[in-house]
Every structure is written in structure tokens, then in C-alpha cells.
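Asker: For reference, the structure I am asking about is given below.
What follows is calculated from the coordinates using simple rules that are stated; it is not laboratory data. Every value quoted in this text rests on a predicted model; they were computed, and no experiment measured them. When we count neighbours, we look across all protein chains shown, and the Cβ atoms used for this are built from the backbone with ideal geometry, even at glycine.
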Amino acid sequence: MTLNELQECMNVYITMWKTQIQGESHRDSVMKLWQDRGFLKFERDLLIKAFYEYEDTAEKPYVAPRPKQIMDAYKTVKARYENKANRRIITPEEESYQMYLEEMKKPPQKRNEWLIRRLLPSCEIFTNPEAFKKKYGKYREEFEKY
């Protein structure tokens, strides 16, 4: 993050907790504190989301957060963001294939043959790379991150 972006974050901070910062000298000291605590390593958008996260989860959201509280909220927001970014895509065909495997584990007399017949086309798409490419436009390894 640049100093200008940190200044934008400070403006959001002041807007949310306006009664907590009085005057330019106090504002500059808070900016210096944030720089010393390593806030320049943070991402601007996630830091702003961390302010809202703090406001939503704090016992006293009307009291301005301390740097440690902001850092904790930032870690929470960043972990949530990274989890969404790295989440594996599960296609309906994969779910159908898992249901098919569960059904096939049962003894033959207890299997639901109607369900197995309904799941076979999805199983074909999931297990055959060419069928998967035909439906989704690229192979499963390219479609999913991992």
C-alpha cells in the first residue's frame, strides 16, 4: 500500500470514528503509528473491510479500534478472502459421481438402479476428459485451480 492509500484508509477511519481524532497533529501521529506497525504492507481494500469487520463484531463498535484490533480484524478478513480465492470448484458432475460411488458400495440387492441410471451421464462427463471439455470448454485441470 502507498502512503496515499493509507491516507484514504485513515479518512475512512476518521469518518467511522470521527470523535476519536482531534486535529492535524493527532491525525499525523496516528498515521505515523500505523506506518510503524506495518500497515503499509496491508492491502487497501482489505484494510477498509477490516474496519467494517471490527465495527460489526466489536462489543463497543462506537469506540475507535486500536492498531492491534485493526490488525486482528485484517487477519480475519484476509483469511476469509484467501479462503474464497483458493476454494476448489465442485461441479454438479462431481457430486453426481460421488453419489454414484456411494450407491455402488452397497450390495447389489440394495442399490437404487433408477438412481444409478440417472447418474450415469454425469459420471461420464466427470470421468471422461473429452466429455468434460465438450460441456465446459476446457479440461477439468484447467477449469479448476487444483
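Asker: Hey, among the residues in region 1-54 that are acidic (Asp, Glu) and under 21 Å from Val77 (Cβ atoms), which one's surrounded by the most Cβ atoms within 10 Å (Cβ to Cβ)?
Answerer: Only one residue fits best here, namely Glu53.
Asker: Being assigned to a helix (DSSP H, G or I), in contact (Cβ under 8 Å) with a residue 24 or more places away in the chain and under 26 Å from the mean Cα position of the chain (by Cα) is the requirement here; does Glu93 meet it?
Answerer: yes
Asker: A further question follows. Filter region 96-134 down to the residues that are under 28 Å from the mean Cα position of the chain (by Cα) and of a type in the set (Lys, Arg) and list them by number.
Answerer: Answer for region 96-134, where residues must be under 28 Å from the mean Cα position of the chain (by Cα) and of a type in the set (Lys, Arg): just Lys133.
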